[in-house]
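The block underneath contains the structure these notes are about, expressed in structure tokens.
Throughout, read-outs are computed from the coordinates displayed, never taken from laboratory work. Just so we're clear, the structure is a prediction, and the values are computed from it rather than from any experiment. Cβ: placed from backbone, ideal geometry, glycine included. Neighbour counts: every protein chain shown.
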Amino acid sequence: MYSRPVALVTGSSRGIGAGIAAELARHQFAVAVNYYRSPQPAAELVAQIEAEGGSAVALQGNVGLGMDRERLISQTLEKFGRLDVLVNNAGITSPGRRDVLEATEESWDEVFDTNLKGPFFLAQRAAQAMIPLIGQKKIERGTIVNISSISAYAVSTNRPDYCIAKAGMQMMTWLLAARLADCGIRVYEICPGVIASDMTAPVREKYDRLIAEGLSPIRRWGQPSDVARAVVAVVSDAFPFTTGERINVDGGYHIRRL
Ligand code: NAP
């Protein structure tokens, strides 16, 4: 049984997830670094965490598949003997970014499997693992963090499946928060704004322009580290009387302005 708290971060081979995994490791978490198609960057992140004195393991798995979700939880428990934190970060944008009138069921299924069904059932499985660990006092509490998006409420007519799935994440957060509070598990939604990553690389120039024009009151790109620091804050004991909260990490984008 591992003495440090343990976090499983989905989709942490690159981008925001890699930033979250690295920051949690800096804060004494052992980290399960989940990747899907990118073993190399996941292995490099694990090596970097270990070089800094931390503990990590790279775990392959598609969060959209039940078998893979089961394996992610069981391999984390096999390696570290406990699970304190799940960060549901893995996500894809809408393949082909098709207009509402052209959207396909194939794209819908892929986005929903990865961005909503996977996170819900992984959270369910993680909670099933955490509850006995809390009962046996092997972990103090559990925390589930869902990485959603400003797309949960801001319309992009060329990414309907992505927006609808992210909107669903708020209800998912509330449902889990309400059900799991008595079990000692707190649940949060983090809503990033425009963050520099491979996902936003193809639309960089568009966002460069929008940010310069004042898209968000804080006129800069968000970085994976901005999201990572918010995750570390909610999994710490800084907010003991909260659950189900949405934390906006968006430079103030969510503020309506006239
Ligand atoms: P990214 O740079 O495209 O990285 C995506 C990560 O998710 C990769 O590590 C990838 O793993 C993993 N992944 C993709 N499909 C997966 C699957 N089926 N199973 C497991 N892992 C999978 O994306 P990002 O910008 O860091 O986004 C991370 C999260 O933040 C997403 O949920 C996204 O919706 C959300 N978000 C992003 C922004 C933004 O501006 N970038 C804003 C708001 C919210 P492999 O490389 O190993 O395949």
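Observations, loosely collected:
- Longest DSSP-loop-exposure-free segment, trypsin sites (Lys or Arg not before Pro), the chain, at most 13 other Cβ within 10 Å: 38-136
- For segment 38-131, the gyration tensor built on C-alpha atoms gives an oblate shape. Its axis ratio a/c (a ≥ b ≥ c) is at least 1.5, and a/b is not larger than b/c.
- Over the chain, relative contact order from alpha-carbon pairs under 8 Å, at least 6 apart, %: 20 percent
- Dipole magnitude of the chain about its Cα centre (Cβ charges: Lys, Arg +1; Asp, Glu -1), debye to nearest 20: 500 debye
- Exposure proxy ranking, count of Cβ atoms within 10 Å, fewest first, for MET67, MET130, MET171: MET67, MET171, MET130
- In segment 84-135, the GluC sites (Glu not before Pro) that fall in loop regions by DSSP, at most 12 other Cβ within 10 Å: GLU102
- Helix-only [θ]222 nm of the chain, DSSP H runs n ≥ 4, -39500 (n - 2.57) each, per residue, nearest 500: -13500 deg cm²/dmol
- Remark: segment 1-84 carries a charge dipole of roughly 100 debye about the Cα centre, counting +1 on each Lys and Arg Cβ and -1 on each Asp and Glu Cβ.
- Here segment 53-105 is treated as a sphere whose radius is the Kirkwood value from Cα pairs; by Stokes-Einstein at 25 °C and 0.890 mPa s it diffuses with a coefficient of 177 µm²/s.
- Converting phi to 3J(HN,Hα) with the Karplus coefficients 6.51, -1.76 and 1.60 and the offset θ = phi - 60°, segment 65-79 yields 10, x, 4, 5, 4, 4, 5, 4, 5, 5, 5, 5, 5, 4, 6 Hz in sequence order, with x at every glycine or proline.
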